[in-house]
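To start, the structure itself, in structure tokens.
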Amino acid sequence: MTSLLPLVAVAGTAWLYWRHRPSGAGASAAAQARRLRSPLVRLADLLGIQTARGRQASQWAAGAAGEKATAARLAPLARQGWTVLHDRALLTGKANVDHLVISLSGVVFVIDSKLWSARYRLRVTGGRLLHGSHDVTERLRGIRHESRCVAQALGCPVIPIVSMQGAPVDGGELVVDGIRIIPADRLLPVLRTLGRRKAAVKQHPGEAAARLFIPYRRK
């Protein structure tokens, strides 16, 4: 038992250190991963013991990594004057938007970063989204809700896009219930093409978006 005490101390110290929550892409997902990795979970990890909370923490950490990768892809647009906001809270409820992007002409995009296994291809059959043989249509419910909330708050149409890392996308792009699903490496070309459209807004919504949707903090 005595030999475990140093491991407990290390795990506890790391947990206290990582409780600090920086803002930015993937910040809330990373914070949730750290929250799940309590001292006991970290101790189990050090001992090679798998736990349910440890697996959940790994999933959140992967989500954070996906969001950071998408943010890096979006950086050129921010430098060109686009509005690019990461990890923003919706006005009501506990949900957040991974990436809220607005083109120079005022076209609004809600982008959801996903990092799914490359072992299985994404395809649409009978209006359902399949990852291999698994029906994952319900996993689009979040971006559908986020897009509706953003559109209502800004008073303009919103284009929902899933930036998919890992899983191959049949045909290079899929559309399910108005939600575009594209490979991550095609995200910028698609945004630039769609962003040239004339937006149905009287005033560019970038300033309002930055004011309304504040950085997310998971409680």
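What follows draws every value from the coordinates through simple rules; no lab data is involved. Note that this is a predicted model, so its numbers are computed, not measured. For neighbour counting, all protein chains shown are included, and Cβ atoms are generated from backbone atoms with ideal geometry for every residue, glycine included.
Each 10 Å bin from zero holds the following percent of Cα-Cα pairs in the stretch 51-184: 12, 41, 36, 11, 1. Taking amide H as placed 1.01 Å from N in the peptide plane, Ser105 has no amide H partner under 5 Å among residues 5 or more places away or on another chain. The fewest-to-most ranking of Arg196, Arg148 by surrounding Cβ atoms within 10 Å reads Arg196, Arg148. The alpha carbon centroids of the stretch 76-122 and the stretch 159-207 are separated by 9 Å. Take the Cα of Lys202, step 7 Å toward its Cβ, do the same at Arg144, and the gap between the two points is 3.2 nm. In sequence order, the stretch 83-98 has phi-based couplings of 7, 10, 10, 10, 6, 10, 7, 6, 6, 9, x, 10, 7, 9, 9, 4 Hz under the Karplus curve 6.51 cos²θ - 1.76 cosθ + 1.60, θ = phi - 60°, and Gly or Pro positions carry x. For a straight C-alpha distance cut-off of 17 angstrom, the aspartates and glutamates reachable from Lys114 (same-chain residues fewer than eight places away being disregarded) are Glu67, Asp87, Asp98, Asp135, Glu138, Glu146, Asp170, Glu173, Asp185.
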